[in-house]
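> A single structure is presented below for examination.
The values are calculated or read from the model by the stated rules, or taken from the named source; none is laboratory data. Everything numeric in this text was worked out from a predicted model, so none of it was measured. Please note: Cβ atoms are built from the backbone with ideal geometry, for glycine as well, and neighbour counts cover all protein chains shown. The area values use the complete protein model at the heavy-atom level, side chains included, leaving out ligands, DNA and RNA. Shrake-Rupley method; radii C 1.70, N 1.55, O 1.52, S 1.80 Å.
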Amino acid sequence: MTTIGPKIRRSLRSAVCTPLHILLNRIDPPVIVLLYHRVATLASDPEMLAVTPENFRAQLLHLKENHQLVRFEEDWTKKTKPAVAITFDDGYADNVLQALPIIEEVGVPATFFVSTGAIGSTREYWWHELERLILGVRILPPRFTMEDGSGGRSWPSATLRERREFYHGMVRLMNDTDAEHRNNRLAQLRIWAGAEPAPAGTHRAMTVEELRLLDGSSRVTIGAHTVTHTRLSSLTADAQREEIMASKRQLETWLGHEIPVFSYPFGRRCEYTKESIALCREAGFSKAAANFPGQAHRWTDQYQIPRHLVRDWPVKLFAEKLRGFWSR
Ligand SMILES: [Zn+2]
């Protein structure tokens, strides 16, 4: 039996898909929605969430020169040309301190989806605390065993490679649980590593004042992104309702106006449910953003809008990636 190699499979797929996308793009010019998280220069970035200010500026200039830009919350059905929308997830302080001045300078619209639980907190986001505890410079005991009534999972942590596997294993586990369990696991890890909870430093979320500053820009729209950034598909319908509704209410209280749009934490299809979509409609959001690649057409589900993650690409590579996004 012969198997088709990944390279041949890719070119077969693109031979079939590309003409179909070209046809669909002629019928209805698509919107490509870009997903950023951070604009910062970091010493370590294992989740590859940060784009440097230099690359971000060059990427925006490229977009401005070569593409029509639309706002995420706009009605896209009337547009006559393909377009790009810029979005950010989570609510890092660097969105205000680094990204906003570049957005204003270049003059492009952007939507920022914010998790309200982290706003104003001096604590790190849980994924940064994991990174600091497991991949940081400290000397660790050779093994960590988690006590959570599930039989005690255990990871070796003696070598760098083991620590990396441990870190990625913990990220997967934490993605699958709620805030209470995450905090319990972080507390266990802190005791095990002999570490204190640290102030968030460069990884902090924005304060309420910074959120208001961001919202005050005519280029910016603020959207909701739950309270605790928990995978919605891991929650009961009632807990999902609370995460979605409370984040919208809290943002509206802080900012004094309606919050029109939402994005799902993590955002892959397995990370939200039919109930999440129904709750977004019920909450009065006009659109919700997901996190899987694709183009937004007139016929795309407005509550599962695909987005393309942007990495710290120099402008040449960014332009190349964008060309690929039009045919994927
Ligand atoms: Zn997020």
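> Quick one: how many Å² of D75 are accessible to a 1.4 Å probe, rounded to 10?
Result for D75: roughly 90 Å² accessible.
> Same structure, new question: Translational diffusion coefficient of the chain at 25 °C, 0.890 mPa s, Stokes-Einstein with Kirkwood Rh over Cα pairs, in µm²/s as a whole number. Don't jump to the answer; show the numbers that get you there.
Numbers: Rh = 21.1 Å.
Here the translational diffusion coefficient equals 116 µm²/s.
> A further question follows. As I understand it, the value is the acute angle between the Cα axis of helix 274-283 and the longest principal axis of the Cα atoms of the chain; what does it come to in degrees, rounded to 10?
Once rounded, one gets 70 degrees.
> Moving on. What is the dipole size for the chain, taken about its Cα centre, with +1 at each Lys and Arg Cβ and -1 at each Asp and Glu Cβ, in debye to the nearest 20? Each step should come with its number before you reach the end.
Numbers: 43 positive and 38 negative charges, 301 e Å.
The calculated dipole for the chain is roughly 1440 debye.
> Let me ask something additional. Sort 120-127, 239-246, 135-142 by packing, meaning the average of other beta carbons within 10 Å per residue, with the highest value first. Walk me through the intermediate numbers first.
Values: 120-127: 17.6, 239-246: 19.5, 135-142: 11.4.
Per-residue mean Cβ counts within 10 Å order the peptides as 239-246, 120-127, 135-142.
> What lysines sit close enough to K79 to cross-link, taking a C-alpha to C-alpha distance under 19 Å and skipping anything fewer than 8 places away on the same chain?
Reachable lysines: K64, K287.
> Hey, if you put +1 on the Cβ of every Lys and Arg and -1 on every Asp and Glu Cβ in the chain, which of I134, L63, F112 ends up farthest toward the positive end of that dipole?
L63
> Of all the accessible heavy-atom surface of region 126-193, with the other protein chains kept in place and a 1.4 Å probe, what percent is carbon and sulfur?
Details: 1900 of 3600 Å².
Ligands and nucleic acids excluded, carbon and sulfur give 53 percent.
> Could you give the dipole magnitude of region 126-193 about its Cα centre, charging the beta-carbon of Lys and Arg +1 and that of Asp and Glu -1, in debye to the nearest 20? Before the final figure, lay out each step's value.
On the way: 11 positive and 9 negative charges, 67 e Å.
Around 320 debye, computed over region 126-193.
> I would also like to ask the following. Please report the antiparallel percentage of the DSSP beta bridges confined to the chain, to the nearest 5.
Values: 6 of 32 bridges.
Rounded to the nearest five, the antiparallel share is 20 percent.
> For the chain, what does the accessible surface come to per residue with a 1.4 Å probe? Please give it in Å². Please list the in-between numbers first.
Numbers: 15650 Å² over 328 residues.
With all protein chains present, the chain gives 48 Å² per residue.
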